[in-house]
Each structure stands twice: as structure tokens, then as C-alpha cells.
1. Defining a contact as two alpha carbons under 8 Å apart and six or more residues distant in sequence, what relative contact order in percent does the chain show?
2. Expressed as a whole number of Å, what is the distance separating the alpha-carbon centroids of segment 71-148 and segment 191-213?
3. Grab the other residues whose beta carbon is less than 13 angstrom from that of Ser192, score K and R as +1, D and E as -1, and report the net.
4. For Ser88 and Glu162 in the same chain, what is the full-extension length gain: residue separation times 0.36 nm, less their Cα-Cα distance, in nm?
5. Using a Gaussian network model on the chain with a 10 Å cutoff between Cα atoms, which of Glu194, Glu134, Glu162 fluctuates the most?
6. So how compact is the chain: Cα radius of gyration and Dmax in angstrom?
7. Would you please classify the overall shape of segment 54-181 from the alpha carbon gyration tensor, given that a ≥ b ≥ c denote the square roots of the eigenvalues, rounded means a/c under 1.5, and beyond that prolate means a/b larger than b/c while oblate covers the rest?
8. Using only the Cα atoms of segment 143-198, what are the Rg and Dmax in Å?
Amino acid sequence: MSDGPLNLRSRREMRLMRPAGLLVWQAHQLVRELVRPGVTTREIDGAVDALYREHEAVPLFQGVPGKTPFPSVTCISVNEAIVHGIPSDRQLCEGDIVSVDTGCKVHGWCGDSAWTYPVGNVDEQVQRLMEITEGSLNLAIEALGRRALWSEVAQDVQAYVEQADFSIVKDFVGHGIGREMHEDPQVPNYVSDEFLEGGDFELRPGLVLAIEPMVNMGGAEVLVLDDGWTQVAADGRPSAHFEHTVALTADGPIILTGPPDDD
């Protein structure tokens, strides 16, 4: 089991996390409206930046240390890019898919969510990739309420993805979230001996997790581009990414980055 401390949150603290989660949900509704052929990824990032500024929210991604500090409030990853894509003047094209990951802090509490969007009409197999990836996230959230250990959830997710002949990305995992964007525990979407020996954890009320399966159409191997941030599928085939911030209560899981009627 994991030796790291688990930050178990009270129902009051979960409610305090909700404004950040709701603002991230609103950001994704804005992105959904903007995604179309001809729009640049920089324009999408600028719209989310303006939304956060309007609500005096602190972007979680901008300034994160790396080869160079991350410059934007969103990670925007197109087609074979998996995660950590830097917004630019690249125009989206019909048939692309674009993964948008963003998070913010409101009154000291964090929310983090990612979604993959089709640009116009996409290839049937690419559409299936998105459906399986979103389905794996939904499966994980549902399993939180009936499994005892995270490894059991991860095994369910990995089996679901691999039975569809896709690959779970193993270079990146989900995480605990609360006062900071990245807290213990690490939350993989696959099972490894290393995780079973030292990283597994009990699913206890009070956990708040950013669950984020990333799924490649081809192999799981990843390469980083020269910008030091953008991670791409090594074989150049498409990748999808879905994420929610989820709180586990005695009554089951609650999606903190879901729409208002989830309250």
C-alpha cells in the first residue's frame, strides 16, 4: 500500500472545491463552442484565460516549471499529441481531434479537467477512440463506489481499453488534488508490479482524485517534442484524453468538474 499520506477531505472541503470545478466545467463549455475548422489553439487558450480573469481564478498550468515555464492556461494537444501541447497559431482542420486540459484555483481550492473534441466530422475509428477513452473515465468513476482498492479500478480501465485494441498511456497518471493541483496519491490507469508493491491505496470517503485516462490508437510509446512539453504518440497515430476531478463520499463519487445540476 502507498506510504504517502492521503489528504482525506470533509464534505465541507469538497463543497469548497466545487467553485473551481464548476469554473473548469464552464471553460470546457466555452471550448466546445469554439472548436471548429480554422480556429487556432491560441484563440481557444485566450478565451479560457479571459474567463479565468473574469472570475479572478488562478490558472494552474501557467508558469509550471519545465525546460521553459509553461506559457498558457490550457494544454491543447492535437491528433497524435497526447498531453501538454502548447497553444499556438496552428489552425484546427476538419477531421482533427483536439484534447484540451485546463485547471484553476478558486479561493485556494483546485479543479482540473480534460476533454477531447472532434473538429467537424472525424474518421470512424477516431470517433471510437474518443468514445472508448471517455468510457474508460466513466467506468473508473463508477467503480470508485464499489471497489476497495485503486488497483482494482485501474485493472478495470486497462482491460476495457485493451479489449478495444487501444493502448493505455503509461508515462502519465492522474493524481490527488485539493489545495494544490498535484497531491498524493498517484492515480495510474493501469496496473504494474511497482504500483501494487508500494503505490496502491484504499478507496476511502474523503479522497479527491483527478482521474485522467489517456489512450492511444496505436502503441503506448511516447516522445517529447523539442519544445520540452508536448508529448506525442511515438507512432504518430491519434490519442485521446478525458479527465474529471472526482470526490469520493460515503454515498458514492461526486464529479466536482461536472455541470451545475450535479450539485
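A short reminder: the numbers here are calculations on the coordinates, not readings from a lab. What you are looking at is a predicted structure, and each value in this text was computed from that prediction instead of being measured. Cβ: placed from backbone, ideal geometry, glycine included. Neighbour counts: every protein chain shown.
1. 25
2. 21
3. Numbers: positive: Lys170; negative: Asp171, Asp193, Glu194, Glu197, Asp200.
Spelling it out: positives minus negatives among the neighbours equals -4.
4. Between Ser88 and Glu162, full extension yields 23.3 nm more.
5. Per the Cα network of the chain with a 10 Å cutoff, Glu194 tops the list.
6. Calculated on Cα positions, Rg and Dmax stand at 17.2, 49 Å.
7. oblate
8. 12.0, 37
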